[in-house]
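For reference, the structure is listed below as structure tokens.
Where a number appears in this text, it was derived from the coordinates with a stated rule and is not lab data. Keep in mind that what you see is a predicted model, and the values were worked out from it rather than measured. In this analysis, Cβ positions are derived from the backbone assuming ideal geometry, glycine residues included, and neighbour counts consider all displayed protein chains.
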Amino acid sequence: MSLDIYINNQLPGVFVVGSPLTESSASESTVSQRVRASVNRLLNSAKPSTNEPSAIKSLADLQVGQHLSPVGSFLEPLVIIDLRALREEEQNSEMPITDDAFPRALETLNLLHLFLADTLPRTHLVPDGEGGIRIEWSRDDRNVRAVIPARADQRAYVYQRTGRDSKIEPLSTTALVEALRSVILAQ
Amino acid sequence: MADTDSAQFPRIYRAITNKRWYDAVERKVLSTAFKLRSTDTGVSVLKVVGCSREVCVANLSCVGEFVLETERVRGLGLNVVDDEPEALDFTENHAEINGIPINPATEEEIRRAEHLADDLANLSSLHFDRFLNYQ
């Protein structure tokens, strides 16, 4: 079986049968290995019992059986998987994550992954108890947070702190990337 | 409201109502544990704990407690006060950390609220892990 893998060095993404892999910092070989491993896992899970003749001869056969749908999810950045898990966890709480907060957090984290990918320390996603999401990073006495409130008409902001100095700015990808670079990633 | 007696209660305890408030890998309390919601007047704390897996002193669906030293909280310029005995929701074992901006509106109030949430998180450590979420 053959599989077409398209790696575009000009764009921070790898595309496999239409599913984007946002792995800008990974080497091509690492990404290729991950893709191959993922597809092999997929094919193994889709194998028919040994008593039946195999109907799967190409990737197109898998698509017919709808087996391709998991590819996008297990190649998704871990932080996005965690965001979806957070929404699930909060679904039955008094204040579930709102339809304003979730897409904004999703967009923020996806863009952040494009720009900073694996350079960031652990990303903490925490519900604010009112339907919003707080995204936190820290290193020693330095902190950066993206605060995404429950409603779109509430103030979303980036908070950054180094030692005793702190400041806030309206939330934007530019402001967040700049804060992370200057506060968390600075040597 | 009367100050909580730090000689009698040198430590106060914050119920962990969301398991994401603590990072077990980095052993770090996250600031969100001390961020006020719009209906809060202060950070709720307990003066005495003794919870078990089966029993929660705070009567909450909490997953554990953080512990802070009462006087170190005051060192941040905050108050630790007992419940008003006349209040309808008076609880002998309950206290509140006051002085954090409530519903911060200005940039300075928001910055101060975040700053204090950081400071309180830094003073805290995990005291009780009710369901062993952080092992």
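Using just the Cα positions, wrap the range B:30-83 in a convex hull and report its mean projected area in square nanometres, one decimal place.
4.7 nm²
Taking only Cα atoms and a 10 Å spring cutoff, compute GNM fluctuations for chain B and point out the largest among B:Ile12, B:Ile97, B:Ile110.
The residue that fluctuates most here is B:Ile110.
How many angstrom lie between the Cα centre of the range A:147-187 and the Cα centre of the range B:14-63?
First find each Cα centre; the distance between them is then 25 Å.
Less than 11 Å Cβ to Cβ from B:Tyr22, Lys/Arg counted +1 and Asp/Glu -1: what total charge do the surrounding residues give? Don't skip to the end; give the middle numbers.
Values: positive: B:Arg14, B:Lys19, B:Arg20, B:Arg27, B:Lys28; negative: B:Asp23, B:Glu26, B:Glu65, B:Asp129.
Charge balance in the 11 Å sphere: +1.
Can you spot the aspartates and glutamates whose alpha carbon is less than 19 Å from A:Lys167's alpha carbon? Ignore those fewer than 8 places along the same chain.
A:Glu136, A:Asp140, A:Asp141, A:Glu178, B:Glu107, B:Glu108, B:Glu109, B:Glu114, B:Asp118, B:Asp119
Under a plain spin-label model, where a point goes 7 Å from the Cα along Cα-to-Cβ, how far apart in nm are A:Gln154 and B:His94?
2.2 nm
What does the charge dipole of chain B about its Cα centre add up to, to the nearest 20 debye, if the Cβ of each Lys and Arg holds +1 and the Cβ of each Asp and Glu holds -1?
Values: 15 positive and 23 negative charges, 139 e Å.
That gives chain B a dipole magnitude of about 660 debye.
What residue among B:Tyr134, B:Ile97, B:Cys51 has its Cα farthest toward the positive end of the dipole of chain B, where the charges are +1 on Lys, Arg and -1 on Asp, Glu, each on the Cβ?
Toward the positive end, the furthest listed residue is B:Tyr134.
Could you pull the Cα extents of the range A:78-184 along its three principal axes, largest to smallest, in whole Å?
Rounded to whole Å, the extents work out to 37, 26, 23 Å.
Could you list B:Arg72, A:Arg122 so that the one with the fewest beta carbons within 10 Å of its beta carbon is first and the one with the most is last? Kindly include the intermediate steps, with their values, before the conclusion.
Details: B:Arg72 17, A:Arg122 13.
Lowest to highest Cβ neighbour count: A:Arg122, B:Arg72.
Report Rg/Rh for the range B:11-129, rounded to two decimals, where Rg is the Cα radius of gyration and Rh the Kirkwood radius.
Values: Rg = 14.0 Å, Rh = 14.7 Å.
That ratio equals 0.95.
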